Amino acid sequence: MVTGARRLRRRCAALVRDLPMPVPFDARTLCEQVAAQRGRPIRLMPMEGLSGVCGVWVATATSDLIFYEQVTTPPHQEHIILHELGHLLCDHHRSPDALGLPVEQLLPSLDPELVQRVLGRAGYTSEEEREAELLASMIRERARSHGGGTLTDRLHAALEDQGDG
Amino acid sequence: MLSAMPGNTAKRDLAAKVDHLFRTVRPRDGGEYSFEDVAEAIRAKGGPTISATYLWQLRKGKRDNPTKRHLEALAGFFGVPPAYFFDDAAAERIDAELALLNALRDAPVRQIALRASGLSARSLATIVEMVDRVRELEGLPARPDDTE
């Protein structure tokens, strides 16, 4: 699990490094730029009365939606949007739990088996998982064939080998 | 407080709760579980003997004397904690989760993440609203209202 955590950290560091940085900084502009970079629209959805939730990120097959509380200060709104953008950026390359839902957070009282029974697994994240799997193997392949690459590539390859072995 | 008739409330509540479970917890494809489905599943899991007829009577409010084991088995089948039948505050919260589960059924949602700890029934209702908005934005028809 340590390598899992390290991997996630490394991935996030790389994600942040690759992020566009609008000047002057603005969360909404950043969302636009990230959307353009990913080729997937990000819709910002202000809502009232999200009390206790602040923000929610929802991914559909074609777009990402960030719901955020609109009845709060602009800096807080920006903070919420960035937080949800963070989810979006990290989770895209992570294999999430089978349903792609934080089931324990959303449906803590319900039997997980019931949740699976009602929602099913197929179609939810199988594509996402395939994508993540492909990405991982491509990175590994590239690191091996290059033998060198960047320091990050070499570290990555070494850790991957260790993790798989 | 319409139904606050002494001696009648518990019976109504139990029947209403059983009815609600049948109507909201449905198999992925298809309609409600049948009384036979439920009785058979409880039997298969080694639970107490409970007949399809008796389940029908509980749902219709014609019987209101189930044993604790009956209620536990019924709760187990529908995937809710037994507190659903005994604790109204818990039932409210569980109903909110069931409503969200139904909103997510066939919703065009692949992933959700949110920033929250300890979601209230009201917060869950807000998330149901969001999921329905996503549905609408993706051009899907509104869900039939199954939680009334």
Requested in this report: Kindly sort A:Thr29, A:Thr60, B:Thr49, A:Thr73 by accessible area of their heavy atoms, largest first, with the probe set to 1.4 Å.
Outcome: B:Thr49, A:Thr73, A:Thr29, A:Thr60
Query raised in the report: If each of B:Thr53 and A:Met45 carries a label point 7 Å out from its Cα toward its Cβ, how far apart are those two points in nm?
Result: 4.9 nm
Report task. Read phi for every residue in the stretch B:109-114 and hand back ³J(HN,Hα) as whole Hz from Karplus 6.51 cos²θ - 1.76 cosθ + 1.60, θ = phi - 60°, with x for Gly and Pro. Result -> 10, 9, 8, 9, 9, 8
**Report entry** Those residues of the stretch A:57-86 whose amide nitrogen sits under 15 Å from the label point placed on B:Asp29, 7 Å along Cα→Cβ
**Finding:** none
Query raised in the report: Excluding ligands and nucleic acids, what accessible area in Å² is computed for B:Phe35 using a 1.4 Å probe, to the nearest 10?
Result: 40 Å²
Requested in this report: Find the all-direction average of the projected area of the Cα convex hull for chain B, expressing the result in square nanometres with one decimal place.
Outcome: 10.3 nm²
Query - A:His79 - accessible surface, heavy atoms, 1.4 Å probe, Å² rounded to 10 - result: 100 Å²
Report summary line: So, with points 7 Å from each Cα along the Cβ direction, the B:Glu138-B:Lys60 label distance in nm works out to 4.0 nm
**Report entry** Test item: Cα-centred dipole of the stretch B:9-144, Lys/Arg +1 and Asp/Glu -1 on Cβ, debye
**Finding:** 220 debye
Requested in this report: Starting from the residue with the highest accessible area, list A:Cys54, A:Cys31 in decreasing order, probe 1.4 Å.
Outcome: A:Cys54, A:Cys31
Report task. Whole number please: convex hull volume per residue, Cα atoms of the stretch B:18-78, in Å³. Result -> 75 Å³
Query - Heavy-atom accessible surface of the stretch B:17-101: percent carbon and sulfur, 1.4 Å - result: 51 percent
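The values are calculated or read from the model by the stated rules, or taken from the named source; none is laboratory data. All of these numbers come straight from a predicted model, not from anything done at the bench. Glycine also receives a Cβ, built like all others from the backbone with ideal geometry; neighbour counts cover every protein chain displayed. Calculation scope for accessible area: heavy atoms of the full protein, side chains included, ligands and nucleic acids excluded. Shrake-Rupley method; radii C 1.70, N 1.55, O 1.52, S 1.80 Å.
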